[in-house]
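Engineer: Supplied in structure tokens, the structure appears directly below.
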Amino acid sequence: MWRLQVVLGHLTGRPESGPALQAAPSYSSFPQASAADVVVVHGRRTAIGKAGRGGFKDTTPDELLSAVLTAVLQDVKLRPEQLGDISVGNVLQPGAGAIMARIAQFLRVESMSLANRGNPGNITSRLLENEKARDCLIPMGITSENVAEKFGISREKQDTFALASQQKAARAQSRGCFRAEIVPVTTTIHDDKGIKKSITVSQDEGIRPNTTMEGLAKLKPAFKDGGSTMAGNSSQVSDGAAAVLLARRSKAEELGLPILGVLRSYAVVGVPPDVMGIGPAYAIPAALEKAGLTVNDVDIFEINEAFASQAVYCVEKLGIPPEKVNPLGGAVALGHPLGCTGARQVIMLLNELKRRGKRAYGVVSMCVGTGMGAAAVFEYPGN
């Protein structure tokens, strides 16, 4: 939260401790453009590869990030020295990703293939003395089971949601909706015999067009005997990177840069760690309230599909029409490189609103391990 305030402080020219985006007035129409607006100039992403067996399984995250950073700058003809700040989201890398982020900057993200996901790192033993602190270490799959059990999200509902995600992503891929936003990455891979070869990854690998309810029903629970969370209704373990270029509107106009979207508000909330997946159900209303909007004012909600259980809960809790949720599919179909997904969602959201061609609002939201939720409201300014 503090880091986000700092970045927004740079972009808006306001002190990071001030309520830069938290006192937006209510309105029934779109707000007037302001020189201080935080705008999205451009965004690109890599294809999303299957962790451990896909095209990026031997590619380090700094290489993935370097590819998208380079593409974004080249697309808008911006020099690296014109950037004011680079903020990198990364979850599973040593050093909290700091080394990787700096290396990638000079080489101009998330690699779950090359991370040790079972090691929580150096954590105080005192966490055992506090229930909520202990709950922060509950495996993500068990938090999904907790949500399903506590809020009555059936296996059938989860599988139905997962099937829809696959179908929407397959349709979007076949129509070429992802082509312009994906940066093809040429990398090396070691095959089963250890032979090294060069490949170019330009298409998301996790989409399964032939998914059926019958096929999903055959999959066994992955985290708990008798549970309802399994591989087919959970996000995929994946590799990928994405980059989004932000600017103050005045600077974007000064440099002649395009404006793809406007950040209207954001919110971060806390929820119980043992049901961390419900975070969007509380972050989204907070972000909408700051923007003076309601669910009905929003055309698209990009809610991360960490697990179908939590995504279904959030959609039902907020009363969002299903057709407004993840119209191009989500992490169940595309995959979920942890530090990459938020930027990927922003890119997909604004590109889809651009394809629709009218001025509109969209929301991006994610649950956060250890019990948080984050959401942001974006405006697409129209063609």
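Engineer: Could you check how many residues of segment 303-320 are under 18 Å from LEU288 (Cβ atoms), in contact with a Cys (Cβ under 9 Å, 6 or more places away or on another chain) and of a type outside the set (A, V, I, L, M, F, W, C)?
Structural biologist: Qualifying residue count, segment 303-320: 1.
Engineer: Give the residue, chosen from ILE347, ILE320, that is touching a Lys or Arg at 6+ places or on another chain (Cβ under 7 Å) and hydrophobic (A, V, I, L, M, F, W, C). Break it down into steps so the answer makes sense when it comes.
Structural biologist: Numbers: ILE320 fails: touching a Lys or Arg at 6+ places or on another chain (Cβ under 7 Å).
Exactly one of ILE347, ILE320 is touching a Lys or Arg at 6+ places or on another chain (Cβ under 7 Å) and hydrophobic (A, V, I, L, M, F, W, C), namely ILE347.
Engineer: If you go through segment 128-141 one residue at a time, how many are among the hydrophobic types (A, V, I, L, M, F, W, C) and surrounded by 15 or more Cβ atoms within 10 Å (Cβ to Cβ)? First the steps, then the outcome.
Structural biologist: Step one: filter segment 128-141 for residues among the hydrophobic types (A, V, I, L, M, F, W, C), giving 128, 133, 136-138, 140.
Those left that are additionally surrounded by 15 or more Cβ atoms within 10 Å (Cβ to Cβ): 133, 136, 138, 140.
Residues that pass the stated criteria total 4.
Engineer: Here's a follow-up. Could you please give the count of residues in segment 62-80 that are charged (D, E, K, R) and part of a helix (DSSP H, G or I)?
Structural biologist: Looking only at segment 62-80, we keep the residues that are charged (D, E, K, R), and these are 62-63, 75, 77, 79.
Then keep just the ones that are part of a helix (DSSP H, G or I); that gives 62-63, 75.
Number of matching residues: 3.
Engineer: How about segment 312-326: which of its residues are within 27 Å of GLN203 (Cβ to Cβ) and surrounded by 21 or more Cβ atoms within 10 Å (Cβ to Cβ)?
Structural biologist: Taking segment 312-326 and keeping what is within 27 Å of GLN203 (Cβ to Cβ), we get 322-326.
Once the filter is applied, which keeps residues that are within 27 Å of GLN203 (Cβ to Cβ) and surrounded by 21 or more Cβ atoms within 10 Å (Cβ to Cβ), segment 312-326 yields VAL325, ASN326.
Engineer: Okay, moving on. I'm trying to understand the selection: among the residues of segment 218-231, which are among the small types (Gly, Ala, Ser), under 19 Å from ALA311 (Cα atoms) and either assigned to a loop (DSSP other than H, G, I, E, B) or over 23 Å from the mean Cα position of the chain (by Cα) (or both)? Before you say what the answer is, go through the steps one by one.
Structural biologist: If we filter segment 218-231 for residues that are among the small types (Gly, Ala, Ser), which is where we start, we get 222, 226-228, 231.
Next, only the ones that are under 19 Å from ALA311 (Cα atoms) stay: 222, 227-228, 231.
Answer for segment 218-231, where residues must be among the small types (Gly, Ala, Ser), under 19 Å from ALA311 (Cα atoms) and either assigned to a loop (DSSP other than H, G, I, E, B) or over 23 Å from the mean Cα position of the chain (by Cα) (or both): ALA222, GLY227, SER228.
Engineer: Just give me the residues in segment 315-345 being within 8 Å of the chain's Cα centre (by Cα) and outside any loop (DSSP other than H, G, I, E, B), in sequence order. Reasoning before the result, please.
Structural biologist: As a first pass, look at segment 315-345 and keep what is within 8 Å of the chain's Cα centre (by Cα): 336, 338-345.
Listed by number, the residues that qualify are THR341, GLY342, ALA343, ARG344, GLN345.
Engineer: Among what's in segment 100-129 and is touching a helix residue (DSSP H, G or I) at 6+ places or on another chain (Cβ under 6 Å) and assigned to a loop (DSSP other than H, G, I, E, B), pick the residue that is modelled with the highest pLDDT.
Structural biologist: Within segment 100-129, the match that is modelled with the highest pLDDT is VAL109.
Engineer: Within segment 130-181, how many residues turn out to be assigned to a loop (DSSP other than H, G, I, E, B) and modelled with pLDDT of 95 or more?
Structural biologist: First pass over segment 130-181, keeping only residues assigned to a loop (DSSP other than H, G, I, E, B): 130, 136-139, 152-154, 175-181.
Next, only the ones that are modelled with pLDDT of 95 or more stay: 152-154, 175-181.
Number satisfying all stated conditions: 10.
Engineer: Within segment 318-328, identify whether any single residue is of a type in the set (S, T, N, Q), closer than 26 Å to MET213 by Cβ and either modelled with pLDDT of 95 or more or touching a strand residue (DSSP E or B) at 6+ places or on another chain (Cβ under 7 Å) (or both), and answer yes or no. Spell out the reasoning first.
Structural biologist: Within segment 318-328, the subset of a type in the set (S, T, N, Q) is 326.
Filter again for closer than 26 Å to MET213 by Cβ, leaving 326.
Cutting the leftovers down to either modelled with pLDDT of 95 or more or touching a strand residue (DSSP E or B) at 6+ places or on another chain (Cβ under 7 Å) (or both) gives us 326.
Yes, that holds for at least one residue.
Engineer: Filter segment 232-247 down to residues that are farther than 15 Å from GLN166 by Cα and crowded, with 24+ Cβ neighbours inside 10 Å and give me whichever is farthest from the chain's Cα centre (by Cα). Don't jump to the end; show me each part of the working.
Structural biologist: Filtering segment 232-247 down to residues farther than 15 Å from GLN166 by Cα leaves 237-247.
Checking which are crowded, with 24+ Cβ neighbours inside 10 Å leaves us with 238-243, 247.
Working: SER238: 12, ASP239: 13, GLY240: 11, ALA241: 10, ALA242: 9, ALA243: 11, ALA247: 20 Å.
Checked segment 232-247; the qualifying residue farthest from the chain's Cα centre (by Cα) is ALA247.
Engineer: Out of everything in segment 281-308 that is open to solvent by less than 10 Å² (accessible area, probe 1.4 Å) and touching a Leu at 6+ places or on another chain (Cβ under 7 Å), what residue ends up being farthest from PHE378 (Cα to Cα)?
Structural biologist: Here the residue is ALA281.
Engineer: Could you say whether any residue in segment 77-95 is crowded, with 17+ Cβ neighbours inside 10 Å and at pLDDT 90 or above?
Structural biologist: Yes, segment 77-95 contains at least one residue that is crowded, with 17+ Cβ neighbours inside 10 Å and at pLDDT 90 or above.
Engineer: Look at segment 156-203 and say how many of its residues are among the hydroxyl-bearing types (Ser, Thr, Tyr), open to solvent by 20 Å² or more (accessible area, probe 1.4 Å) and closer than 17 Å to SER234 by Cα.
Structural biologist: Residues in segment 156-203 being among the hydroxyl-bearing types (Ser, Thr, Tyr), open to solvent by 20 Å² or more (accessible area, probe 1.4 Å) and closer than 17 Å to SER234 by Cα: 1 in total.
Engineer: Would you check which residues across segment 361-374 are closer than 15 Å to LEU328 by Cβ and open to solvent by less than 10 Å² (accessible area, probe 1.4 Å) and list them?
Structural biologist: Taking segment 361-374 as the starting set, the residues that turn out to be closer than 15 Å to LEU328 by Cβ are 362-364.
Of everything in segment 361-374, those that are closer than 15 Å to LEU328 by Cβ and open to solvent by less than 10 Å² (accessible area, probe 1.4 Å) turn out to be GLY362, VAL363.
Engineer: Here is a further query. Just a yes or no: is a residue in segment 352-359 under 21 Å from ALA291 (Cβ atoms), at pLDDT below 95 and touching a strand residue (DSSP E or B) at 6+ places or on another chain (Cβ under 6 Å)?
Structural biologist: Going through segment 352-359, the residues under 21 Å from ALA291 (Cβ atoms) turn out to be 352-354, 356, 358-359.
Remaining after also requiring at pLDDT below 95: none.
Scanning segment 352-359 turns up no residue that is under 21 Å from ALA291 (Cβ atoms), at pLDDT below 95 and touching a strand residue (DSSP E or B) at 6+ places or on another chain (Cβ under 6 Å).
Residue-wise test of (1) in a helix (DSSP H, G or I); (2) buried (at least 23 other Cβ atoms within 10 Å of the Cβ); (3) among the small types (Gly, Ala, Ser).
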| site | (1), (2), (3) |
| --- | --- |
| GLN310 | yes, yes, no |
| ILE347 | yes, yes, no |
| LYS354 | yes, no, no |
| ALA376 | no, yes, yes |
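The values are calculated or read from the model by the stated rules, or taken from the named source; none is laboratory data. Only a predicted model underlies this, so the values are computations on that prediction, with no experimental measurement involved. Ideal geometry is used to build each Cβ from the backbone, glycine not excepted, and the neighbour counts take in all protein chains shown. Keep in mind that these areas ignore ligands, DNA and RNA; they rest on the heavy atoms of the full protein, side chains included. Shrake-Rupley method; radii C 1.70, N 1.55, O 1.52, S 1.80 Å.
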